[in-house]
Amino acid sequence: MMIPFFRHHTGARTAWKGQDIVVYVGGVETDRISAAEIERVVLVHRSDGNTPGDLEVALIQLSNELVALSADTGIAGRILFERQAFWNERACIYWVSSRSVALPRALRRCRGGLLSSGVPIARVAAAEATAALDSWPLAGPQTWEERKQMRIERARPFSRANMAAAMSTAHAGH
């Protein structure tokens with residue numbers, strides 16, 4: 001089931017400021033996420049998630065809340081291409097297709113309907129959303145580079161990834 005996550009241009013953007021990801025709307029700081037508090041990032045994507053443009057929403061799990069950021073904020077760049085050493089060390093980026101998940105109820109009802117209102121960021125209590133995320137078929141943890149390398153490896157005809165898959169299929173049939 002494909003979910004119409006954040007389809008409106010919000011006029012918001014994100015940027016790193018020190019050790020925080022800051023959200024700006026109209027050039028004014030409206031929210032801040034401490035990088036030290038990030039426990040998990042779930043990137044919900046359309047299609048195969050092979051390009052940064054496939055990102056629909058980033059769900060950033062903190063210890064006590066979940067922060068949802070619209071792709072329009074540029075969050076893909078903050079997570080996929082900036083501060084790569086930080087993201088490699090944290091090993092906290094997960095991926096899931098929007099076709100296979102339903103947005104947690106807490107996010108669907110906040111601030112007058114997050115899906116249709118064009119709100120660039122939403123925060124909800126972690127307890128309200130974490131159970132839904134834990135049931136999703138997440139891939140990861142893997143950074144953008146690791147994901148890209150895996151895709152390249154799978155595209156090779158005699159790659160280790162393809163050979164391992166073929167062997168497990170052959171053994172499962174016996």
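The values are calculated or read from the model by the stated rules, or taken from the named source; none is laboratory data. Please read these numbers as outputs of a predicted model, since none were measured by experiment. Backbone-built Cβ (ideal geometry, glycine too); neighbour counts: all protein chains shown.
Name every residue in segment 46-72 that is farther than 23 Å from Val25 by Cα and touching a helix residue (DSSP H, G or I) at 6+ places or on another chain (Cβ under 8 Å), in order of residue number.
Arg46, Ser47, Asp48, Gly49, Asn50, Ser63, Asn64 - these are the residues of segment 46-72 that are farther than 23 Å from Val25 by Cα and touching a helix residue (DSSP H, G or I) at 6+ places or on another chain (Cβ under 8 Å).
Show the residue pairs meeting these rules: Cβ distance below 8 Å; 6+ apart or different chains; first residue within segment 104-133 and in a loop (DSSP other than H, G, I, E, B); second residue at pLDDT 55 or above and charged (D, E, K, R).
Listed pairs, sorted by first residue: Pro104/Glu128; Pro120/Asp72.
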